[in-house]
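Written out below as C-alpha cells is the structure these notes cover.
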C-alpha cells in the first residue's frame with residue numbers, strides 16, 4: 001500500500017484484536033517489521049490466549065511482511081524489557097513503539113472494587129510506562145554511542161488515551177484516570193526524549209471494537225455505522241506519526257473518530273484574579289472567574305453544561 005515505514009521495526013501492544021490489530025497490519029503494509037504483542041485476555045483482562053497475536057502475524061506474512069508474536073504482560077516491567085529486546089535481537093533495531101494494550105472494568109465509583117481500580121490502572125498506565133521506559137533507554141544508548149549521526153536518530157512512541165480520559169465519562173473513573181495520566185505522560189516524555197530524536201504522541205480514539213461494543217452509543221450501531229467507526233481509521237494517523245513526515249510533531253494528542261481527525265488542546269489556564277486573604281471575601285471573585293471560564297467538554301470534546309458539570313457563574 002505504501003512505504004511510510006519502510007525498513008522500520010515496530011512494537012504494537014494489544015495487537016491481537018481491534019485497534020492494535022489495525023496498527024500492526026497497516027504498519028506492515030507500509031514496510032515495517034512488527035512485534036505483535038498480545039496477552040490474549042478477555043476485555044476485562046482475565047485469561048490468556050496467544051492465537052489472536054499469531055493470526056495477525058500470519059496475516060502480515062501473507063502480505064509478504066515480517067512479524068513475530070510476543071505474549072508478554074506489558075504491565076510486567078521485566079517482560080516489557082524482554083519485548084523491546086526481542087525486537088532488537090530479531091531485527092537489530094527498534095524504531096517504533098505503539099502502546100495500545102488495555103482493558104475495561106467499568107463501575108460507578110461507589111461500586112468499584114479495589115481490584116477493578118488496580119487492574120485497569122496497571123494495564124493502561126504501567127503498561128504504557130514499562131515499554132516506554134525500556135524503549136527510551138534503548139534509544140538513549142543508541143544516541144550516546146555515537147554510532148548514529150544526530151540527524152539520523154529516530155524513535156517514535158504513540159500512546160493511547162481516550163475521550164473518557166481527556167473529557168470525562170460517567171462510570172469510567174478508573175479507565176478515565178489512567179487515560180488522562182497517559183495523555184500527561186505523553187506531554188512530559190515528549191520533552192524528555194526530544195534530544196534523542198524521539199517523538200511522543202498520543203491518540204484519543206473512538207472506534208467500534210470488542211471493548212466498546214456494549215457502551216452507550218455503540219451498542220445500537222447498525223453495520224454501516226460500525227463500518228464508519230471501524231478501528232482502521234485509528235491506525236491511519238498512528239502510522240503517519242511513525243513516519244519521517246511527522247519528525248517535528250511531538251507532545252500532541254489526536255482525537256480520532258472515524259474519518260474525523262482533530263487536535264485535543266488539553267489544559268489551558270483560563271481567567272485569573274487576585275484573591276483576598278479572607279475566604280469570606282472570595283465569593284465575588286470566584287463568581288467572576290467562573291463566569292468567564294470555559295465549560296468542561298463532553299465526550300465529543302465540546303464545552304457543555306449538565307448534571308455534575310460546571311456551569312457559568314455560581
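What follows is calculated from the coordinates using simple rules that are stated; it is not laboratory data. Every value quoted in this text rests on a predicted model; they were computed, and no experiment measured them. So basically every Cβ, Gly included, is an ideal-geometry build from the backbone, and we count neighbours across all protein chains shown.
Mean-square fluctuation check for the chain, GNM, Cα pairs under 10 Å: which of 47, 102, 31 is largest?
Checking each option, the largest mean-square fluctuation is seen for 47.
Could you check which residue among 150, 163, 279 shows the biggest mean-square fluctuation in a GNM of the chain with a 10 Å Cα cutoff?
Answer for the Gaussian network model of the chain: 279.
How large is the translational diffusion coefficient of segment 244-295 in µm² per second when you combine the Kirkwood radius over alpha carbon pairs with Stokes-Einstein at 4 °C and 1.567 mPa s?
The calculation lands on 88 µm²/s.
Relative contact order (percent) for segment 9-264, with alpha-carbon contacts under 8 angstrom and 6 or more residues of separation?
18 percent
By DSSP, what percent of the beta bridges with both residues in segment 9-264 are antiparallel, rounded to the nearest 5? Let's see the in-between values first.
Numbers: 5 of 31 bridges.
Bridges in segment 9-264 are about 15 percent antiparallel.
If a/c stays under 1.5 just call it rounded; otherwise compare a/b with b/c (prolate if a/b is bigger, oblate if not). Do that for segment 1-154, with a ≥ b ≥ c from the square roots of the Cα gyration tensor eigenvalues.
oblate
If we sort 18-25, 141-148 on the protection proxy, mean other Cβ atoms within 10 Å, highest first, what's the order?
So the order, starting with the most tightly packed, is 18-25, 141-148.
For residue 195 and residue 286 in the same chain, what is the full-extension length gain: residue separation times 0.36 nm, less their Cα-Cα distance, in nm?
Length difference between fully extended and current span is 28.6 nm.
Where Rh is the Kirkwood radius over the Cα pairs of segment 270-314, the temperature 25 °C and the viscosity 0.890 mPa s, what D in µm²/s does Stokes-Einstein return?
Approximately 210 µm²/s, per Stokes-Einstein.
Suppose R0 equals 30 Å; then what is the FRET efficiency for residue 77 and residue 49 from their Cβ-Cβ distance, rounded to the nearest 0.05?
FRET efficiency, residue 77 to residue 49: 0.85.
Mind checking the angle between helix 282-292 and the chain's longest principal axis? C-alpha axes, 0 to 90 degrees, to the nearest 10.
50 degrees
Between segment 74-143 and segment 144-212, what is the separation of their alpha carbon centroids in Å?
Distance between centres, Cα-based: 11 Å.
Could you tell me which label, among [x] 74, 50, 33; [y] 111, 47, 32; [z] 68, 48, 36, carries the value of Cα extents along the principal axes in Å calculated for this structure?
The value computed from this structure is option [z].
In nm, give the distance between the simple-model label positions of residue 147 and residue 184, each being 7 Å from the Cα along the Cα-to-Cβ direction.
Spacing of the two 7 Å Cα→Cβ label points: 3.7 nm.
Which residue fluctuates the most in the chain, going by a Gaussian network model with Cα springs under 10 Å, if the choices are 273, 15, 137?
Highest fluctuation among the options: 273.
Expressed in nm to one decimal, what extension gain is obtained for the pair residue 298 and residue 107 from 0.36 nm per residue of sequence separation less their Cα-Cα distance?
Stretched fully, the residue 298-residue 107 segment lengthens by 66.9 nm.
Using the Kirkwood radius over C-alpha pairs as Rh, can you work out the diffusion coefficient of segment 228-314 via Stokes-Einstein at 10 °C, viscosity 1.306 mPa s, in µm² per second? List each step's numbers first, then the result.
On the way: Rh = 16.4 Å.
The estimated diffusion coefficient comes to 97 µm²/s.
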